[in-house]
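Engineer: There's a structure below that I have some questions on.
The values are calculated or read from the model by the stated rules, or taken from the named source; none is laboratory data. Bear in mind the structure is a predicted one, so any value in this text is a computation, not a measurement. Methodologically, a virtual Cβ is constructed for each residue, glycine included, from the backbone with ideal geometry; neighbour enumeration extends over all protein chains shown. The protein model used for the area step is the full one, side chains on, heavy atoms only, and it has no ligands, DNA or RNA in it. Shrake-Rupley method; radii C 1.70, N 1.55, O 1.52, S 1.80 Å.
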Amino acid sequence: MNVIDTPSLDLERAEAFADRVGGMFDAGAAATMISIGHRLGLFDGMAGAAPATSTEIAASTGLAERYVREWLAAMTTAGILRYEPETRRFHLPPEHAACLTREAALGNLAVYAQHVSLLGRMEERTLHCLKTGEGTGYGDYPCFHQIMAEDSGQTVTAGLFEHILPLVAGLEARLEAGIDVLDAGCGRGLALMAMARRYPKSRFTGYDLCADAIAHAAETARAQGLSNITFETRDLTGYCEPGRWDFVTSFDAVHDQKDPEGLISGLCRSLRPGGSYLMQDIGGSAHLENNLDFPFATLLYAVSLVHCTPVSIGQGGAGLGTMWGWETAEAMLRGAGFKTVERHVLAHDPMNVWFVSRV
Ligand SMILES: C[S@@+](CC[C@H](N)C(=O)[O-])C[C@H]1O[C@@H](n2cnc3c(N)ncnc32)[C@H](O)[C@@H]1O
């Protein structure tokens, strides 16, 4: 039977739903185009500039005009650029530049568009994972550590001293006096380097599984002349260095580990008396029904399918996924033996949850 003949079908609702699905294709395409505009510096070049033709924009960015013209058309139909048909000039209004450039007043949303475009680049590999149950390795994801560094550069590093470290009462004075700090799963280590610059008497160490991210971090620290920071390639599975650290951080680096519970408990045992662990992770709930209105929930579940779940499975882990939930994280922290566990959500970053745990 043709579905249109289904007696119970509400055709009006079905058509409205079809329109919504169609809109998703346009939005997905726009996100990929935003990612391209960000990576090529097109938004940065157009911000604050007078309206310009595709030829002028191509010349000022050193890109091929024929392709630039097509990108400009996509961004115009998406409502991001304004187009003057008489002069064939394109313009990025300042109100739009405010969330799409590297100097963006509201934070650069174009950074996050790169996650959407990475989903597309990983489609074949994801099909393979779904069919075989196999996992992935970090090396399978083009530009992953660069995208992550840009992402956490905004959500973590930018708010570190104003919003994030003050969550740990008394920490600033200890950092100023000189303590030992570990960032577990540090990636390219931008947050750790910001702390090392600010607190020259403290000693900072970053561990990460990925040698390429660690090499990049070490090179950046060297170029900045930081002598109180060390980066080391290290698999944190089964990690424990008893009583080694005064303060431990992890920024979005626990749920995709092979053994998140084991890591949390190893980090707890690696703290000295009086030490604390600051853990940032995704703030969604462990229960799907609670996430229906969670910010960017679809994107987060998609990133979970394509990245966070398979990289854990690829390490032989459980694959808890991006939306393992604050409830799961909190239960693991309490079970690890911390004396106190506090949970915080920061106004500037509703997508993440912050735990401060003390031994
Ligand atoms: C989502 S990224 C976050 C990176 C960084 N903290 C940031 O905020 O930019 C997660 C990091 O955890 C690291 N990681 C995953 N499994 C690991 C393991 N078993 N041992 C050490 N690091 C691991 C990855 O290499 C990756 O850099």
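Engineer: Work out Dmax and Rg for the range 113-198 from the C-alpha atoms and quote the Rg first, both in angstrom.
Structural biologist: 17.5, 54
Engineer: Only Cα pairs within less than 10 Å get springs; with that Gaussian network setup on the chain, which residue of Thr101, Thr61, Thr157 has the largest fluctuation?
Structural biologist: Highest fluctuation of the listed residues: Thr61.
Engineer: Related question: Taking Lys201 as the anchor, which aspartates and glutamates have their alpha carbon closer than 13 Å to its alpha carbon, excluding any fewer than eight residues away along the same chain?
Structural biologist: Glu172, Glu176, Asp180
Engineer: How much of the accessible area of the range 3-119, probe 1.4 Å, is carbon plus sulfur, in whole percent?
Structural biologist: Taking all protein chains in place, the range 3-119 shows 60 percent carbon and sulfur surface.
Engineer: Take the chain, mark every one of the GluC sites (Glu not before Pro) that falls in a DSSP loop and has at most 13 other Cβ within 10 Å, then report the longest stretch left between them, sites excluded.
Structural biologist: That would be 135-359.
Engineer: So between Ala14 and Ala50, what do we pick up on full extension, going 0.36 nm a residue minus the alpha carbon distance?
Structural biologist: 8.5 nm
Engineer: Another question, if that's okay. Which value in Å is the Kirkwood Rh of the range 203-359 over different Cα pairs?
Structural biologist: About 16.4 Å, per the Kirkwood formula over Cα pairs.
Engineer: Per residue, how many Å² of accessible area does the range 3-119 show with a 1.4 Å probe?
Structural biologist: Averaged over the residues of the range 3-119, the accessible area is 59 Å².
Engineer: Can I ask one more? Expressed as a fraction of 2.2 N^0.38 Å, the rule-of-thumb size for a compact globular protein of N residues, what is the C-alpha radius of gyration of the chain?
Structural biologist: 1.11
Engineer: A further question follows. Which value in nm describes the separation of the simple spin-label points at Ala78 and Ala215, placed 7 Å from the Cα toward the beta carbon?
Structural biologist: The two pseudo-label positions are separated by 3.3 nm.
Engineer: Considering only DSSP states other than H, G, I, E and B, which trypsin sites (Lys or Arg not before Pro) in the range 290-359 qualify as loop sites with at most 16 other Cβ atoms within 10 Å?
Structural biologist: Lys339
Engineer: Here's something else I'd like to know. State to the nearest 20 debye the size of the charge dipole of the range 3-119 about its Cα centre, where the only charges are +1 on K and R beta carbons and -1 on D and E beta carbons.
Structural biologist: It works out to roughly 460 debye.
Engineer: Here's something else I'd like to know. Could you work out what % of the accessible surface of the range 201-328 is carbon and sulfur, using a 1.4 angstrom probe and leaving DNA, RNA and ligands out of the count?
Structural biologist: Result for the range 201-328: 54 percent of the exposed heavy-atom area is carbon or sulfur.
Engineer: Where the Cα atoms of the range 13-83 are projected onto their three principal axes, how long is each span, largest first, in whole Å?
Structural biologist: Projected onto the principal axes, the Cα atoms of the range 13-83 cover 48, 21, 21 Å.
Engineer: A further question follows. Please report the orientation-averaged projected area of the range 39-149, defined via the convex hull of its C-alpha atoms, in nm².
Structural biologist: 8.5 nm²
Engineer: Right, here's the next one. Leaving out same-chain residues fewer than 8 places away, which aspartates and glutamates sit with a Cα under 19 Å from that of Lys131?
Structural biologist: Of all the aspartates and glutamates, those that pass the test against Lys131 - Cα under 19 Å, at least 8 places apart if same chain - are Glu123, Asp140.
Engineer: Averaged over every viewing direction, what's the projected area of the C-alpha convex hull for the range 54-102? Give it in nm², one decimal, please.
Structural biologist: 3.7 nm²
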